[in-house]
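Contents: one structure, followed by commentary.
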Amino acid sequence: MQAPASKLTLQGTRTIVAAAEAEALISRIFLKLGCSPKASAQVAQHLVDTSLCGMESHGIMRVLQYAEQMQSGYLDPKAEPRAFQDTRGVIRIEGGGGIGIPAMHLAYETGMQEARERGISALSIRHAGHTGRHGAFADMSAEQGFLTICMGGGNREKWRQVAPYGGARAKLPTNPWCAGIPGGLQGPVVLDFATSKIAGGWIYAAQSAGALLPEGCVIDRDGNPTRNPEDYFNGGAILPAGAQKGYALALVAELIGEAMLGPSTTECNWLLITLDATRFREAPAMQAAAEEVLDDLRSCPPAPGFDRVEIPGERERNHRKAANGQAAVPEETWAQILALAESLGVE
């Protein structure tokens, strides 16, 4: 099977785990922690699929973080997300302080339903924990003919992770952006990125796996470059992606999340915009035009150091296919998950 396109310099080895086995075990862990059967299944499926796609920063390793947050009382395992319309006519997804993946599932489902009826939808997601790999939701929506744009920000007092451009101290969260649009013959085009040089999940992944971080992504508490994840947790910061451009995107997301959507709790607030792309052009014509653009880009000769020009979103789908139902998990991380399951009495 294909190894993950990891950003980590792994010191140890990986263990191969069947996706079905991992999903079943993780679902049982969340059931033991107090989650509903539906939420447990959604979270387990999402995390395992994310690892199969090669995005281990948001994959199986997150079990450890979510479990710790539930056991500490930071997350409410029994919370169930709900959609409602407030007195201003705005659709809101209320996470109830629970894990964010079920809340984001509900958000995209609600957004698509509203966009089918009205052409476009805008809704907020609040009071939810970590919301997983947004690219999975954007990909699913784009497959059904929708353009989605999602951005999150707020709660920087709790999640000071990223230094502003020109700064040496963490001030902002990673404030991700995600967009998905129907693509060509190989599927949707999906952008899913933190506004920092590296997502916070990669640092947690490096810590749990005993790995080093890529160069040029993190500074220590004195502003010096470092590859040691412990330096980040001891007062360091992540640098903004694209210098002033990533910082500017993070700032806009912060203003949307905190100033426009209201005080944020748990993690950040999210704005999801969903547009029915087929209102503008019928799906077959749109796909043909998109494939023409994408094929032209793929035909571009690669620059030195590159094998080919890639289309955003295709790497994850190709990685899932090559994984063939097996996840390559850092051995140390999987051992910690097995120990967690044993401590909970998971059979």
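Quick notes
- Amide H contacts under 5 Å for GLY98: ASP76, GLY129, restricted to partners 5 or more places along the chain or on a different chain, H placed in the peptide plane at 1.01 Å from N.
- For the chain, the relative contact order comes to 25 percent (Cα pairs under 8 Å, sequence separation of at least 6).
- Bridgeable lysines around LYS78 (alpha carbons under 19 Å apart, same-chain partners fewer than 8 residues away excluded): LYS32, LYS38.
- For segment 137-260, the solvent-accessible area with a 1.4 angstrom probe is 42 square angstrom per residue.
- Counting only lysines at least 8 places from LYS245 when in the same chain, those with an alpha carbon closer than 24 Å to its own are LYS7, LYS158, LYS171, LYS197.
- Using heavy atoms of the protein chains and a probe of 1.4 Å, the accessible area assigned to ARG281 is about 120 Å².
- Database remark: amide H of ARG14 closer than 5 angstrom to the amide H of GLU331 (H placed geometrically; neighbours at sequence offset of 5 or more, or on other chains; Pro and chain starts carry no H).
- Amide H within-cut-off set for SER196, under 5 Å, with H built and near neighbours excluded: ALA241
- The chain: most fluctuating residue of ARG298, ARG156, ARG126 per GNM, C-alpha cutoff 10 Å: ARG298
- For the chain, a Gaussian network of Cα nodes joined below 10 Å ranks GLY59, GLY325, GLY89 by mean-square fluctuation, and the top entry is GLY89.
- Shape call, segment 263-334: gyration tensor on alpha carbons, a/c limit 1.5: oblate
- Global geometry of the chain, whether rounded, prolate or oblate, following the gyration tensor of its Cα atoms and the 1.5 cut on a/c: rounded
- The stretch between PHE233 and ASP86, if pulled fully straight at 0.36 nm per residue, gains 49.0 nm over its current Cα-Cα span.
- An oblate overall shape is assigned to segment 65-203, the ratio a/c of its alpha-carbon gyration tensor axes (a ≥ b ≥ c) being 1.5 or greater and a/b not exceeding b/c.
- Only protein atoms count toward the accessible area here, which uses a 1.4 Å probe; on the chain, the carbon and sulfur part of that area reaches 53 percent.
- Surface accessible to a 1.4 Å probe, TYR74 within the full protein complex, Å²: 70 Å²
- For segment 141-168 and segment 186-226, distance of Cα centres in Å: 14 Å
- Against the rule of thumb 2.2 N^0.38 Å, how large the Cα Rg of segment 77-134 comes out: 1.09
- Listed residue (GLN186, TYR204, ALA259) projecting farthest to the positive dipole end of segment 175-267, Cβ model: GLN186
The values are calculated or read from the model by the stated rules, or taken from the named source; none is laboratory data. Because the structure is predicted, anything quoted here is derived from the model rather than measured. Please note: Cβ atoms are built from the backbone with ideal geometry, for glycine as well, and neighbour counts cover all protein chains shown. Note: areas computed on protein heavy atoms with side chains; ligands, DNA, RNA excluded. Shrake-Rupley method; radii C 1.70, N 1.55, O 1.52, S 1.80 Å.
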